[in-house]
Each structure stands twice: as C-alpha cells, then as structure tokens.
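Taken together, the values in this text are just the output of simple stated rules run on the coordinates, not laboratory data. The model shown is predicted, which means the values in this text are computed figures rather than measured ones. Positions of Cβ are backbone-derived with ideal geometry, glycine not excepted, and every protein chain shown enters the neighbour counts.
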C-alpha cells in the first residue's frame, strides 16, 4: 500500500515540476515583451493573454503537487498540538465533506467548459487573438490530479487512525536546508536522546 501512495506522490511531484517550467516561459516572454515595448516601441497585444494562460496553467497544475507535500495552508495554531489520530480524524472529515464534492464539481464542470470551448474554437478577446480552448483542458486535468492525490490523502488518514502515526511521504527539495541550518546554529532536535547528546557533547 505504501508503494502505491508514494507512486501517486511521485506522479503529482512530476506534474508539478513539469508545470514549474512555465515560470521559465513566463520570464522569457515578459523580458522579451518589455524589451520589445520600450526599446523597439513594438508592443504585442497577445502577450498579456499568453501570460495569464501560462500562470493559470502553473497555478492549477501545482495543486496536486502541493497537496502531496502537505503544503496547503491550514489553521495550524491548534492543529499542530493535536495527536496524529485527532489530526487524521479532522482531515478525513474535511476531505469527505468539503474536498471531494468541490474537486469533483471542478473536474466535471471543467470538462464541460473545455469541451464547449473546443466546439467553438474559442479565442482570446484581443487585437491578436490566441486559441484559448487548449488551456481550458488544464482545468479537468488539474481536477483529476487533485482527486487522485486526495484519494491518497484519505488513505493516509485511515492508516493514521489505524496505526496512530502518519505514513511517510516522498521528500522533495526544501527552500532551506534545515539540517545544515541546525548545524550552523547548534540546534538539536527535541526528540534527540539527552544522554547520548550529553555524552557526545562532553567528548568535544
């Protein structure tokens, strides 16, 4: 079971990292447009629409990745002090009552929305229109990825209720190397054995 959970985590991570490349496209596009507009005096009407579509793609496809890393914002003031089983109970209720209905609705409505856009070959409203319908299919794709990752999170809640501790997750790059930072400021984890810590400290 754990292998299946980690495999879905890996898929969500891959999708999120693939979407992250839109940042490179956005950076190049905006830099080129600024140069073209102010240096060459040749602005392009379609660039703003392209920027919005690229950012929308990044925002939508990053949802499953963020969920797989347990990175979505929550009211953690009290949650962090609760026992794992209590946390799992709260999460399970919220997933079933709010997450699943909302994401199912998003996926279903997004699929209909994308099909209607394809049927009329929808374009952006600008002097130089761009095809809009390919980007509309990002909505149901993101919804499906979130549903799959949400199912994994529900299974994790059930396993935590059974075992009393959260199952492991796939680790990813952190903004700050926490272990290196702890070494720099000489901070030890709270669960480190004090006897062992005192012995190692006396030998220095």
With eigenvalues of the C-alpha gyration tensor scaled by 5 and rooted, the stretch 1-141, Å: 37, 20, 14
Computed label-point distance, nm, for sites residue 35 and residue 52 using a 7 Å Cα→Cβ extension: 2.6 nm
Proxy reagent accessibility, fewest Cβ within 10 Å first, across 42, 156: 42, 156
Hypothetical label at residue 161: residues of the stretch 95-121 whose amide nitrogen lies under 16 Å (7 Å Cα-Cβ projection): 95-100
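As a footprinting exposure proxy, order 69, 136, 17, 3 by other Cβ within 10 Å, with the fewest listed first.
Final ranking by Cβ density, sparse to dense: 3, 17, 69, 136.
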Contact order normalised by residue count of the stretch 102-176, Cα under 8 Å, 6+ apart, percent: 28 percent
Approximate spin-label separation residue 17-residue 170, in nm, with each point projected 7 Å along Cα-to-Cβ: 0.8 nm
FRET efficiency for residue 45 and residue 151, using Cβ-Cβ distance with R0 set to 41 Å, rounded to 0.05: 0.45
Label-point separation in nm, residue 112 to residue 81, each point 7 Å along Cα→Cβ: 4.5 nm
